[in-house]
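Here's the structure, in structure tokens; my notes come after.
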Amino acid sequence: MIGVLASGNGSNLQALLDARLPISAVASNRKDAFALERARGANVPTATFGLECHPNREERDLVMATWLEAHGVELVVLAGYMHLLTKPFLDRFPSAIVNVHPSLLPDFPGAHAIEDALAAGVDETGVTVHWVDEGLDTGSVIRQAPVPVEPRATLEERIHATEHQLLPSVIRELIAA
Ligand code: GAR
């Protein structure tokens with residue numbers, strides 16, 4: 001079973017739901033994340049683990065890991081989850097946490113990858129699906145898809161469309177393996 005962590009709009013979560021992947025739980029660090037609404041719309045259990053409710057990140061991550069395990073989660077997908085995961089969480093899901101990122105890593109890690117690529121003036125950027133480690137968008141790459149920067153006005157839209165193809169297809173392969 002797949003658990004998804006998301007902090008925002010949740011369009012990548014929606015792509016996973018639309019692909020009929022076996023998602024048993026969706027968690028967020030923000031109770032107002034639209035991703036939670038999408039999960040509820042698909043009758044998937046949701047929970048919020050805000051930092052304000054826990055003494056520190058490690059404690060929050062432990063409680064979140066326990067909740068995911070209780071929902072049978074074996075593979076965790078970060079779909080726009082904007083907090084770094086701490087070691088206690090990583091240790092509970094060894095080699096079983098995947099992230100989608102809107103650049104060709106190792107270029108443009110962090111929370112503003114699309115803007116950073118535009119500002120850098122590169123001709124090509126793209127999407128990366130990778131394993132998650134303790135670093136910021138640093139784990140080993142599973143698959144990448146290039147996206148031309150021009151036309152710049154539609155880059156964001158084309159990156160998201162690419163994510164919505166790439167992420168479900170990689171996750172489908174991982175759970176079949
Ligand atoms: C996606 O573009 C995802 O790649 C990015 O956040 C967006 C979330 O969109 N993640 C990162 O930048 C992680 N470093 P969504 O909420 O609509 O899926």
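The values are calculated or read from the model by the stated rules, or taken from the named source; none is laboratory data. For clarity, every value in this text was computed on a predicted model and none was experimentally measured. Cβ coordinates were reconstructed from backbone atoms using ideal geometry, including for glycine residues, and neighbour counts include every protein chain displayed. Accessible surface areas use protein heavy atoms only, side chains included; no ligands, DNA or RNA. Shrake-Rupley method; radii C 1.70, N 1.55, O 1.52, S 1.80 Å.
For this structure, a couple of remarks:
- Unique match (being small (Gly, Ala, Ser), in a loop (DSSP other than H, G, I, E, B), open to solvent by 10 Å² or more (accessible area, probe 1.4 Å) and touching a residue at least 60 places away in the same chain (Cβ under 8 Å)) among 110, 80: 80
- When 177, 120, 70 are checked against the criterion of being under 26 Å from residue 34 (Cβ atoms), open to solvent by 50 Å² or more (accessible area, probe 1.4 Å) and of a type in the set (Gly, Ala, Ser), 70 stands alone in meeting it.
- The residue that is nearest to the ligand (Cβ to nearest atom), counting only those in the stretch 113-141 that are in a helix (DSSP H, G or I) and not small (Gly, Ala, Ser), is 114.
- Residue pairs meeting the criteria (Cβ under 6 Å; at least 6 apart or on separate chains; first in contact (Cβ under 8 Å) with a residue 40 or more places away in the chain, in the stretch 156-173; second of a type in the set (Lys, Arg)): 170/143
- Residue 158 vs. criteria within 12 Å of the ligand (Cβ to nearest atom), open to solvent by less than 80 Å² (accessible area, probe 1.4 Å) and of a type in the set (D, E, K, R): yes
- Considering the stretch 26-58, and only residues there that are under 17 Å from residue 99 (Cβ atoms) and touching a Gly at 6+ places or on another chain (Cβ under 8 Å), the residue that is surrounded by the fewest Cβ atoms within 10 Å (Cβ to Cβ) turns out to be 29.
- Selection of the stretch 83-107 for residues being open to solvent by less than 20 Å² (accessible area, probe 1.4 Å), within 11 Å of the ligand (Cβ to nearest atom), assigned to a loop (DSSP other than H, G, I, E, B) and not aliphatic (A, V, I, L, M) yields only 103.
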